[in-house]
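The values are calculated or read from the model by the stated rules, or taken from the named source; none is laboratory data. Just so it is clear, the structure is predicted and the values come from calculations on it, not from any experiment. Cβ atoms come from the backbone with ideal geometry, glycine included; neighbour counts cover every protein chain shown.
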Amino acid sequence: MAPDQDLAASGSPTHSGHDDAGDRQHRAIFESAVDFAIIATGLDGRVTDWNIGAEHVFGWSRQEMHGEPIDRIFTPEDRAARHPEQEMRQSLELGRSIGERWHVRRDGTRFWGNGEMMPLRDASGTHLGFLEILRDRTEHWASEERHRASAEFLTRVLAASADCIKVLDLDARLVFMSEGGQQVMEVEDLDAIIGCPWPNFWRDEGNVAALAAIEAARAGGTGHFQGSAETMAGNPRWWDVRVTPILSADGVPEKLLVVSSDITERRKADADIGNLAGLVEQSSDFIGIASPETRVLFVNPAGRRLVGLGGGTLELGVIDFFTEDDRRTVIDTVLPALHRRGYWEGELRFRHFATGAAIPVLYTVFALRNAAGTMTGYGTITRDLRERHRADARRNALLELGDRMRDLADPVEMAFVAAEIMGQTLEVSRTGYGTLDACGESVLVDRDWTAPGCGSVAGAHRMADYGAYYKDLQRGDTVAIADVAKDPRTSANLGALQRVGIKALLNLPLIERGRLVALFYINHSEPRAWTEDELSFVRNVAERTRGAIERRLAEKRLRDLAALLEQQVAERTRERDRIWRVSQDLLGVADMKGCWISINPAWHALLGWNEDEIVGRTLEWLEHPDDRATTRAAFAGLADGKPTHAYENRVRHRDGHDRWLAWTAVPEADLIYCVGRDVTAEKAAAEALRQAEDHLRQSQKMEAVGQLTGGLAHDFNNLLTGITGSLEMLGNRVAQGRVGEVDRFISAAQGAARRAAALTHRLLAFSRRQTLDPKATGVNRLVSGMEELIRRTVGPSIDIEVVGATGLWTALVDPNQLENALLNLCINARDAMPDGGRILIETGNTWMDQQAAGPRDLAPGAYLSLSVTDTGSGMTPEVIARAFDPFFTTKPLGEGTGLGLSMIYGFARQSGGQICIQSTPGAGTTMCLYLPRHLGPEDTVPEIRKPAGTARATEGQTVLVVDDEPIIRMLVRETLGDLGYVAIEASDGAGGMAMLSSKDRVDLLVTDVGLPGGFNGRQLADAGRALRPGLKVLFITGYAENAVIGNGALDHGMQVLTKPFAMDALADRIERLITG
């Protein structure tokens, strides 16, 4: 088609029929060129015709484009640069305008078009418009770009590449290195390394990887690895290495191409990026990135938490993060400022996506740009301002508190103001101030502050109804509970708490002189965590309020005092004169030398001396000679400023007899003010009382000794009769040859001996002289292990209930003795319920202060309790007073020894504890055993050992036996002989020491503790261990020797065995010591 062909004229009715045929031909050509976009425009550049090819290329139909400006197919950049106008102008000036550029399709995509524009004229040459013929050349353009870039790259790569490009022969020897490679490898003399094996440039793991890459390339593949290697100048670098084959014409590797990229900086950058990413991930601020179209691309975890977003994909715009009120600010202010300055900062409000709550933030947003300076998006670092606002609110609240307190005088009103300010500042449901009664069990709230919809709890309340945290408050600890349903201190009292709408609470105790007197409380209707800043704020308000109230009360007391002073001054003056005159005590004023300046009339009434006989003199002339030195010393102390209280001396009456006086004297302003009270009658009464008490104690002692010896004589006579009678019958039967019956008499004698041993143990327990084996004991575990035995012992008519405290402390006690004590208490409880009943065994932790510990004869501190409660007949006060006396019993004759409770009492006291009785006749009894808390862990249960009777000594093992009782030495020697040991003996400490000092073999020392000869058993053992380190020792003790051994843990390799003992027990202990 000719450039000046007038397509628009083809439809003119003035043309001839021949012209019509040509026009139809042109139209057919126009419409059949589907690969070309042919566009006709008028002089104003608006489309007048648009062929099918244009529809295919651009996507717009002829109807859509008719009348539209031609610049619609140009990109916004070209439109802004006015390229459509330039093409039309150039086509008019040059006859055509040819060019290639990007164009825009209907769907917004772009393509590379090759186009030609020419003027459109009619047959007369009149300019009718323009004709644009354009073809989509995107693929061709891309291909040419790739070829051009590839050619350009290949021409410059070897000279300019920062990579080290090398060619190796198949033996991996260097034959070529690029110029850029020489620079990066810091090669000064290439000839010096040509021909060198390339893998030798690598060390250790790098050398192994290089050899593996060479083998991969030789096989026709690609070898790739990363490693560290030094340049020729010795500088370390990290490299990314690829080894590929260079194939011959027949496809066989003939050389190897090695491309090594220096990734040192990239690794550093990756590390920096990793650190930066970690910083972003761990930051507590909101950090986000958005596209230039403000579509959110990234929000860090802290940011997601701040606005309540999960971890899913973000399909949000920047504007979606703001409250409705602030979105207009973002659109009208923030985004324009970003476009102008690239930065904006100010306070706005985010919205929480889950709750809709507004979150005040300091919003800092800035433009992100690439290395070329082109903006690639937006970044923000946004800080949550809620805590800052809360801190401001708390500071303002404290200022308001001070202002409002200044004008208040009523403590109740002051407490309410403090509660109101705390409640409004912390945005909670209820706050208040309560005072505790004298018993500390109830709290009284005069008035409280409540949020709308929350009821008041003004009135009196029992502390125990609201949870088990009362002890925390008594210790002065702040109680902060985020969820009362989950906290163990309140979960058991949910009903009471829920009735008053409490799901979270904060209690701040106020302690005066060690006693809880009041508390500030804060309640909330929903669970909430209490921050440390909130706790600090509450403490601050509480301290200021308490201080203000105390100041008001002090001011009131001061005013009241001032009001009374004037009245009292005159009265006191009169009272002082009256007291001076009528006092029966001696009142006087003396100088520092003891000379009396003035005395009251009582001196004459009590001592018979007149005032003029006393004033101006000391009392030395009236003092008893034995008291003069101490009296002068007391006056010397007064002269040094030390008051004297109840100092006693004797002063002569006018009639010549002495009177006892108790003096209280205080030095002040170079004078001594004295009060002397006549205690002559009290002295006489005290002496008479002392003599009476001595007689009473002697009488009680004799009664106790008589009772004790009578009981001992009765029980031991019975037991000795059993022993001696059995032995006598044993001798008779042996003499008669009737040996088949001897076992019965042996068993009877042994049984009586064991009962005698048990009786002595009970007596020792009462006297606190038994030998204990204390261990860190878990009492709950011990009780659980005893439960079945107790049930069988008390019988089916009595119900047993065990309540073990959670988190019970351990106790350092002898577990066997504790088991005996528990069993005895349960048996006593059973005997108090002949018709059946219930026994409750409880454990617990308790802390005793001086007030609680004193009446129990205990030191203040932490104790655990083990109590046994029955529903039996109970005890009278008279029975309770004598319950722990030895041989005292209320049981019928023959049914009790009277030593059970005395034994438990002695065990408890020897263990550092106490046993107490609470009982009411007809209402049951509670026996409570208190044991000191042990801070260490519970001892593990020892492994059960097999009896030692079958073990035999190895040849030559020797045991030294030291005891002053020949029978005991004989029995121990025989037992040792049966076991195969060599036994050597000594009868006293000196003899034992001589044997230990010799060179004879001694594997074990068995010694009594109480020995004659200058050494007791403990001293002998210590001296023996000094001579023979590691010497094993077994103490055999009977009575008072426990004072020498002690109740604590023995040294390693030492054990104790209490007399009397069975021989198999002795054999077992010896075997365990020697083999252990």
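Note on the stretch 388-498: enclosed strands (runs of 3 or more DSSP E) holding 2 or more residues that are assigned by TED's automatic domain parsing to the domain that holds Gly514, touching a strand residue (DSSP E or B) at 6+ places or on another chain (Cβ under 6 Å) and of a type in the set (Ser, Thr, Tyr) are 430-436, 442-450. In the stretch 864-885, the residues that are free of Cβ contacts under 8 Å to residues at least 60 places away in the same chain reach residues that are in a loop (DSSP other than H, G, I, E, B) and among the hydroxyl-bearing types (Ser, Thr, Tyr) with C-beta atoms within less than 8 angstrom, at least six apart or across chains, in these pairs: Gly874/Thr920; Val879/Thr890.
This table checks each residue for (1) in the same structural domain as Gln183 (by TED's automatic domain parsing); (2) surrounded by 16 or more Cβ atoms within 10 Å (Cβ to Cβ); (3) closer than 25 Å to Ala192 by Cα.
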residue	(1), (2), (3)
Ala210	yes, yes, yes
Ile214	yes, yes, yes
Gly227	yes, yes, yes
Asn235	yes, no, yes
Asp240	yes, yes, yes
Val243	yes, yes, yes
Ile246	yes, no, yes
Ala249	yes, no, no
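For the stretch 99-122, the criterion of being outside the structural domain of Ala210 (by TED's automatic domain parsing), more than 30 Å from Ile194 (Cβ to Cβ), at pLDDT 90 or above and β-branched (Val, Ile, Thr) is satisfied by at least one residue. Considering (1) outside the structural domain of Gln424 (by TED's automatic domain parsing); (2) of a type outside the set (A, V, I, L, M, F, W, C); (3) surrounded by fewer than 15 Cβ atoms within 10 Å (Cβ to Cβ), the lone condition that Arg327 does not fulfil carries the number (3). Sort out which residues of the stretch 792-806 are part of a strand (DSSP E or B) and either exposed (fewer than 11 other Cβ atoms within 10 Å of the Cβ) or within 44 Å of the chain's Cα centre (by Cα) (or both), and write them in order of number. Residues satisfying the conditions are Asp799, Ile800, Glu801, Val802, Val803. I'd like to check something: does the stretch 326-344 contain any residue that is at pLDDT 90 or above and touching a His at 6+ places or on another chain (Cβ under 8 Å)? No, because not a single residue in the stretch 326-344 is at pLDDT 90 or above and touching a His at 6+ places or on another chain (Cβ under 8 Å).
When the stretch 398-412 is filtered for residues that are more than 35 Å from the chain's Cα centre (by Cα) and surrounded by 15 or more Cβ atoms within 10 Å (Cβ to Cβ), the ones remaining, listed by number, are Glu400, Arg404, Met405, Leu408, Pro411.
Yes/no per residue for (1) free of Cβ contacts under 8 Å to residues at least 60 places away in the same chain; (2) more than 31 Å from the chain's Cα centre (by Cα):
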site	(1), (2)
Ala418	no, yes
Met422	no, no
Thr425	no, no
Gly434	no, no
Ser442	yes, yes
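Hey, any hits in the stretch 383-390 for a residue that's more than 30 Å from Thr294 (Cβ to Cβ) and at pLDDT below 90? The answer is yes, given that some residue of the stretch 383-390 is more than 30 Å from Thr294 (Cβ to Cβ) and at pLDDT below 90. All conditions but one from (1) surrounded by 13 or more Cβ atoms within 10 Å (Cβ to Cβ); (2) more than 14 Å from Val259 (Cβ to Cβ); (3) more than 60 Å from the chain's Cα centre (by Cα); (4) modelled with pLDDT of 90 or more apply to Leu168; the one that does not is (2).
Contact map, the stretch 326-338: residues that are within 11 Å of Val365 (Cβ to Cβ) paired with residues that are outside any helix (DSSP H, G or I) and not basic (Lys, Arg), Cβ distance under 7 Å, separation 6+ or inter-chain. Pairs shown: Val330/Phe322; Val334/Trp344; Val334/Val365; Ala337/Trp344; Leu338/Trp344; Leu338/Val365; Leu338/Ala367; Leu338/Tyr378. Of the residues making up the stretch 50-95, just one is free of Cβ contacts under 8 Å to residues at least 24 places away in the same chain and hydroxyl-bearing (Ser, Thr, Tyr), namely Ser61. Residue by residue through the stretch 35-65, note down the ones that are part of a helix (DSSP H, G or I), out of contact with any strand residue (DSSP E or B) (no Cβ under 6 Å at 6 or more places or on another chain) and surrounded by fewer than 17 Cβ atoms within 10 Å (Cβ to Cβ). Matches in the stretch 35-65: His56, Gln63, Glu64.
Of all residues in the stretch 976-1014, those that are assigned to a helix (DSSP H, G or I), over 18 Å from Asp964 (Cα atoms) and at pLDDT 90 or above total 1. Against the criterion of being surrounded by fewer than 20 Cβ atoms within 10 Å (Cβ to Cβ), more than 19 Å from Val428 (Cβ to Cβ) and more than 27 Å from the chain's Cα centre (by Cα), Arg499 does not qualify.
What number of residues in the stretch 73-105 are farther than 15 Å from Met117 by Cβ and surrounded by fewer than 17 Cβ atoms within 10 Å (Cβ to Cβ)? Adding up the residues that qualify gives 8. Taking the criterion of being in a helix (DSSP H, G or I) and more than 20 Å from Ala40 (Cβ to Cβ), the residues of the stretch 67-77 that qualify are Pro76, Glu77.
Restricting attention to the stretch 167-189, the residues that are farther than 13 Å from Ala233 by Cα and either in contact with a Gly (Cβ under 7 Å, 6 or more places away or on another chain) or of a type outside the set (Phe, Trp, Tyr) (or both) add up to 14. Tell me, yes or no, whether the stretch 50-63 has at least one residue that is of a type outside the set (S, T, N, Q), at pLDDT 90 or above, out of contact with any helix residue (DSSP H, G or I) (no Cβ under 8 Å at 6 or more places or on another chain) and more than 17 Å from Ile133 (Cβ to Cβ). Within the stretch 50-63, one or more residues are of a type outside the set (S, T, N, Q), at pLDDT 90 or above, out of contact with any helix residue (DSSP H, G or I) (no Cβ under 8 Å at 6 or more places or on another chain) and more than 17 Å from Ile133 (Cβ to Cβ).
So, in the stretch 178-192, of the ones that are surrounded by fewer than 16 Cβ atoms within 10 Å (Cβ to Cβ) and either outside the structural domain of Lys166 (by TED's automatic domain parsing) or of a type outside the set (Gly, Ala, Ser) (or both), which residue ends up nearest to Val258 (Cα to Cα)? Among them, the one singled out is Glu179. Only a single criterion out of (1) surrounded by 13 or more Cβ atoms within 10 Å (Cβ to Cβ); (2) over 19 Å from Asp465 (Cβ atoms) is not satisfied by Leu505, namely (2).
Against the numbered list (1) at pLDDT below 85; (2) under 30 Å from Phe36 (Cα atoms), Asp136 comes up short only at (1). Residues in the stretch 584-617 that are surrounded by 15 or more Cβ atoms within 10 Å (Cβ to Cβ) and small (Gly, Ala, Ser) were compared, and the one that is farthest from Asp670 (Cα to Cα) is Ala602.
Scoring Gly844 on the criteria (1) in contact (Cβ under 8 Å) with a residue 40 or more places away in the chain; (2) surrounded by 14 or more Cβ atoms within 10 Å (Cβ to Cβ); (3) over 16 Å from Gly785 (Cα atoms) leaves a single failure, condition (1). Go through (1) surrounded by 13 or more Cβ atoms within 10 Å (Cβ to Cβ); (2) among the aliphatic types (A, V, I, L, M); (3) within 26 Å of Ala669 (Cβ to Cβ) one by one and return the number of the condition Leu622 breaks. Answer for Leu622: the failing condition is (3).
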